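Reading through the structure tokens given below for one structure.
The values are calculated or read from the model by the stated rules, or taken from the named source; none is laboratory data. If you're wondering where the values come from, they're calculated on a predicted model, not measured in any experiment. Methodologically, a virtual Cβ is constructed for each residue, glycine included, from the backbone with ideal geometry; neighbour enumeration extends over all protein chains shown. Surface areas here come from the heavy atoms of the whole protein model, side chains and all, with no ligands, DNA or RNA. Shrake-Rupley method; radii C 1.70, N 1.55, O 1.52, S 1.80 Å.
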Amino acid sequence: MDITINGQLHQLDIEPDTPLLWVLRDELGMTGTKYGCGLAQCGACTVLVDGQATRSCVTPLEAVAGSQVMTIEAVTQDPVGQKVVDAWVAQQVAQCGYCQSGQVMAATALLKQTPKPSDEDIAAAMINLCRCGTYNAIAAAVRHAAQA
Amino acid sequence: MNEMSPLHKRTVRTPDASPVNLSRRGFLGASLGALVLGVSLTPGGRALAQGAAPAIVPGTRVNAYIQIQPDSTVLFRSAFIEGGQGIFTAMAQIVGEELDVDPTQFVVACAPPGPDYTLIGGLRFTGGSMSVRMSYETMRKLGAAARRMLLEAAATQWKVPIAALTTQPGRVIHAASKRSIAYGDLAKAAAALPVPSNVPLRSRKDFRWIGKPVARIDIRDKSTGKATYAIDLKVDAMLYGAVQHGARLGMEPDALSNEDQVKAMPGVHSVHRLPGAVAVLASSWWRARRAVETLEITWTEAAPGSTVRVMPADYSSEAHLDDLKAHTGDGLAFETHGAVGPALAGAARIVEASYDAPHLAHAQLEPPSAIARFNADGTLEVWAPNQAPEMFQADAAKVAGIAPEKVILHSPILGGFFGRHFLYQSANPYPQAIQLAKAAGRPVKLVWTREEEFLRDALRPMGVARFRAGLDASGMPVALSAVAIGEGATGRWFGRTVDKVDSSAVEGIAGKVYAIANRRVGQIHVDDPAIIGFWRSVGHSMNDFFYETFFDEMADAGKQDPYELRRRLLADSPRHRKLIEAVADLSGGWKRGPFTADDGTRRARGVAMASPFGSEVATIVEVSLKDGEVVVHHVWVAIDPGSIVNPAIIEAQVNSAVALGLSSALLEEVIYENGVPRARNYDGYPILPPDRMPKVHVRIVESGAPMGGIGEPGLPGVPPAVVNAASVLTGKRIRSLPLSRTSLADAAG
Ligand code: FES
Ligand code: FES
């Protein structure tokens, strides 16, 4: 199966129903995308599929054939992603950091679609869980990135 | 690790404590002496410590901690593990301040097991909010000694007196000759020098980094997916493992009816029976997981005499709570002042109430994992999330049947911990990884699914507390008798003495600061059938809820404002009085409500105080009710940790502790039925989502008291302040957590 990740084409010989998350992590060694729940509950595994924030733990590989997948590994190659990362640094968002790849990807997807989000837009898009409770810093960083 | 644990008391706080206590000798004693030999410590690779070296004083040998690279960056081995609390940054600030290296030039990793790092009274763990306060002076001295060694090396090289030399970040300067040299160019010569003692420390007024909101050194990596956790690691030729545990603890796998079918699944290497579990090894984790979940396993009861803790088949949370509530009496005394009996007998009015709080899961976002690899030289390497390297090393050795010094333990950063990664029987995956690596003859990386994690986490104990207070005719409390019923985590894992109260079961009911003349805190021990553990702020996580909500009941019964009553009872305690006034000021002045906010909602505020882990905290919360649920709008926290290292990290930690405390107050409970937990993922065990996060306002008060903890203290005040506020709106006291159990109606309709 052919899939495009961060602009690069990969030919993979794997069961087509394998979740994208595990293809990234175990087959391609891209461990920036995290496993938290495997059940679309937490968002730690968020990647962009054709620009949409997508929970890769419940996305079978076959569903992304022909799509553009972007992961945290390439986030700074994207101008919006770079702005988001800089805002994350400026606001000192991360604590344990485990959820933050997914948070950064969710914010990148939001700002690609809605460059000037309202607080309601932010609340509607930034729904990933963070057990360290960085939610206020996340919202501040999204606002920061939108103004950058 | 709770703040009043026996370890802490006997080895840290008390000056005349015996240097080694018995439980400690049990898990550490055998491993230490030999370890030194295995560790190459100096930049040049020359081991400073040889076999018969004199006893190592933890935190003094510069080369065990600091390795200055040729480019002058500093590789620093931290005694404490980073799991979000910012300890790696704090270490860089503290050591960098004295060493004269900008914290941004530090690369920090967790130190291997060894006697150099046992900074907590001869022990090492990351917990009890102790890391900075237990190592602050030692780490400053270490940095100062290292700087001195660099100066000496430069003096020798340039043949000038050391007094003619100064430093600026990362360089030694000889002003007279306008020469300067980078630390990196001196590192090798400096590391070979003896470590000087009694090097003067920088004066506080000259601090550039300590006490400042220095940026965290790990933020960019954590914002770009580069930070590496245990679950991300890989070693050559490894197999991936997944397990299925017996749902009820103590059950053992018997027949596997479709083993052949599973073995034929793609990528499957082998199927293994383990104590209490079945594992599949495969070429990828997803394949291993799918295979192990396809297995049809018959489970049998544990054999009689099994050493595993067996969960009774009829155990339910509801029945256990009833059992706790059914215990009567005052229990074993832990804290007494005055004479509570006569004072109660003479009181004008008696107030009584009973409270309870459920089991809680850690629910840290990184599921536990472990890698085990047996090396050709007879060593075993283990990569495992842990908060206590020496304890894990010793236990891994036992599992593998080898000497502890043959175990090389790596401690990757943690994707959250909150007490999750101590040594808990049946709750850590690394013993399984070791057994599987041995059986397969290949390295194994084992990852527990979120579902297996919810099945085998070590829970915050369930607790009940009963209070009886006596008020005088003017409504002032004159007597307070409290009894905590349940089991503490410290007693479970570090030994309980039958005639002594485990402080982790009562902290937060005991140790309160209010001047109530006659008081008694007792405990009734009841075995908790679940695997219990340390959960952020330990006993305080529920006991301050019990006490501080009962406090408002006393205030209401005596027709006193709860804030004013607290202030009055703190009249002789300036530090606490100042703190409660600080939080009131931060919130714009105390008002209990109910009042109508600008958006038309009817709101109220609650207040609570706590004295956890050497710090003092006062909390005010503002809530409203919506659709039977509490909405928390604001949390104001005034925290007095005595003195501080990084105000930005403190503010972040208070935010984090508020979120977890609020999550526990609003949503969380682990419910067992028939010996099995009901929830196996976040869908059944909701944790605080972003849209329920309040605004958090923090004021740091530096009273100059001895340095207290930061990671946990923000938590305990939150549940009682929330419940006190909610009770104002409902007109009814709420005595059971979480609030999601009850649909809350506004008394005003
Ligand atoms: S791991 Fe995908 S949503 Fe949690
Ligand atoms: S930073 Fe730890 S889970 Fe979000």
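Among residues of segment B:436-452 that are of a type in the set (Gly, Ala, Ser), none has a beta-carbon under 6 Å from a residue that is open to solvent by 10 Å² or more (accessible area, probe 1.4 Å) and within 14 Å of ligand 1 (Cβ to nearest atom) at least six positions away or on a different chain. Among the residues of segment B:709-725, the ones that are away from chain A (no Cβ under 13 Å), in contact with a strand residue (DSSP E or B) (Cβ under 7 Å, 6 or more places away or on another chain) and either free of Cβ contacts under 8 Å to residues at least 24 places away in the same chain or not in a helix (DSSP H, G or I) (or both) come to 3 in all. Need pairs with beta-carbon distance below 8 Å; first residue within 16 Å of ligand 1 (Cβ to nearest atom) and within segment B:206-227, second among the acidic types (Asp, Glu) and not in a loop (DSSP other than H, G, I, E, B); sequence gap 6+ or separate chains. So the pair list comes out as B:Gly225/A:Glu73.
Checked against (1) more than 19 Å from the chain's Cα centre (by Cα); (2) of a type in the set (S, T, N, Q); (3) open to solvent by less than 10 Å² (accessible area, probe 1.4 Å), B:Ser615 meets all criteria but (1).
Here B:Arg496 passes the criteria (1) free of Cβ contacts under 8 Å to residues at least 40 places away in the same chain; (2) buried (at least 23 other Cβ atoms within 10 Å of the Cβ) except the one numbered (2). Can you tell me which residues in segment A:67-95 are more than 9 Å from every other protein chain (Cβ to nearest Cβ) and without any contact (Cβ under 8 Å) to a residue 24 or more places away in the chain? Matches in segment A:67-95: A:Pro79, A:Gln82.
For segment B:641-658, the criterion of being farther than 29 Å from B:Glu318 by Cβ, in contact with a His (Cβ under 7 Å, 6 or more places away or on another chain) and surrounded by 18 or more Cβ atoms within 10 Å (Cβ to Cβ) is met by no residue. The residue that is nearest to the other protein chains (Cβ to nearest Cβ), among those in segment B:658-683 that are free of Cβ contacts under 8 Å to residues at least 40 places away in the same chain and within 24 Å of B:Ile531 (Cα to Cα), is B:Asp683. Sort out which residues of segment B:577-586 are open to solvent by 10 Å² or more (accessible area, probe 1.4 Å) and under 20 Å from B:Val722 (Cα atoms), and write them in order of number. Within segment B:577-586, B:Glu581, B:Ala582, B:Asp585, B:Leu586 meet the criteria. On the stretch given as segment B:273-327, residues that are away from every other protein chain (no Cβ under 14 Å), among the basic types (Lys, Arg) and under 27 Å from B:Arg442 (Cβ atoms) total 1. Only one entry in B:Arg466, B:Arg460, B:Arg420 is surrounded by 22 or more Cβ atoms within 10 Å (Cβ to Cβ) and either under 30 Å from B:Leu344 (Cα atoms) or free of Cβ contacts under 8 Å to residues at least 40 places away in the same chain (or both), namely B:Arg466. Within segment A:4-42, the set of residues being more than 10 Å from chain B (Cβ to nearest Cβ) and crowded, with 21+ Cβ neighbours inside 10 Å comprises A:Ile5, A:Leu20, A:Leu24. Could you say whether any residue in segment B:279-299 is under 33 Å from the mean Cα position of the chain (by Cα), surrounded by fewer than 17 Cβ atoms within 10 Å (Cβ to Cβ) and under 30 Å from B:Ser736 (Cβ atoms)? No, that holds for no residue. Among the residues of segment B:365-409, which ones are open to solvent by less than 20 Å² (accessible area, probe 1.4 Å), in a helix (DSSP H, G or I) and not aliphatic (A, V, I, L, M)? The answer is B:Pro389, B:Glu390, B:Phe392, B:Gln393.
Suppose we keep only residues that are surrounded by 24 or more Cβ atoms within 10 Å (Cβ to Cβ), over 22 Å from the mean Cα position of the chain (by Cα) and among the β-branched types (Val, Ile, Thr) within segment B:469-493. Which one would you say is farthest from B:Gly522 (Cα to Cα)? In this case the residue turns out to be B:Ile485. Among what's in segment B:216-227 and is open to solvent by 50 Å² or more (accessible area, probe 1.4 Å) and in a loop (DSSP other than H, G, I, E, B), pick the residue that is farthest from the other protein chains (Cβ to nearest Cβ). The selected residue is B:Ile217. Quickly run through segment B:69-86 and pick out the residues that are within 17 Å of B:Leu414 (Cα to Cα) and surrounded by fewer than 24 Cβ atoms within 10 Å (Cβ to Cβ). Correct list: B:Arg77 only.
Looking at B:Glu651, B:Glu616, just one residue is more than 9 Å from every other protein chain (Cβ to nearest Cβ) and closer than 20 Å to A:Val93 by Cβ, and that residue is B:Glu651.
Conditions tested, residue by residue: (1) at the interface with chain B (Cβ under 10 Å from one of its Cβ atoms); (2) within 14 Å of ligand 1 (Cβ to nearest atom).
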position	(1), (2)
A:Gly97	yes, no
A:Ser101	yes, yes
A:Ala106	no, yes
A:Leu110	no, no
A:Thr114	no, no
A:Ala123	yes, no
A:Ile127	yes, yes
A:Cys130	yes, yes
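The residue that is surrounded by the most Cβ atoms within 10 Å (Cβ to Cβ), counting only those in segment B:228-268 that are within 14 Å of chain A (Cβ to nearest Cβ) and in a strand (DSSP E or B), is B:Gly241.
In summary, helices (runs of 4 or more DSSP H) completely within segment A:43-148 and bearing 2 or more residues that are crowded, with 23+ Cβ neighbours inside 10 Å and within 13 Å of the chain's Cα centre (by Cα) occur at A:79-90, A:100-113. Scanning segment B:102-123 for residues that are surrounded by fewer than 22 Cβ atoms within 10 Å (Cβ to Cβ) and assigned to a helix (DSSP H, G or I) yields a count of 2.
Take the conditions (1) of a type in the set (Asp, Glu); (2) assigned to a helix (DSSP H, G or I); (3) open to solvent by 20 Å² or more (accessible area, probe 1.4 Å); B:Glu553 misses just one of them, which is (3). From the list B:Arg567, B:Arg605, the lone residue that is under 31 Å from the mean Cα position of the chain (by Cα), without any contact (Cβ under 8 Å) to a residue 40 or more places away in the chain and farther than 18 Å from B:Ile700 by Cβ is B:Arg567.
The set of residues from segment B:317-348 being more than 27 Å from B:Ile687 (Cβ to Cβ) and in contact with a Gly (Cβ under 7 Å, 6 or more places away or on another chain) comprises B:Asp330, B:Gly331, B:Leu332, B:Ala333, B:Phe334, B:Ala343, B:Leu344, B:Ala347.
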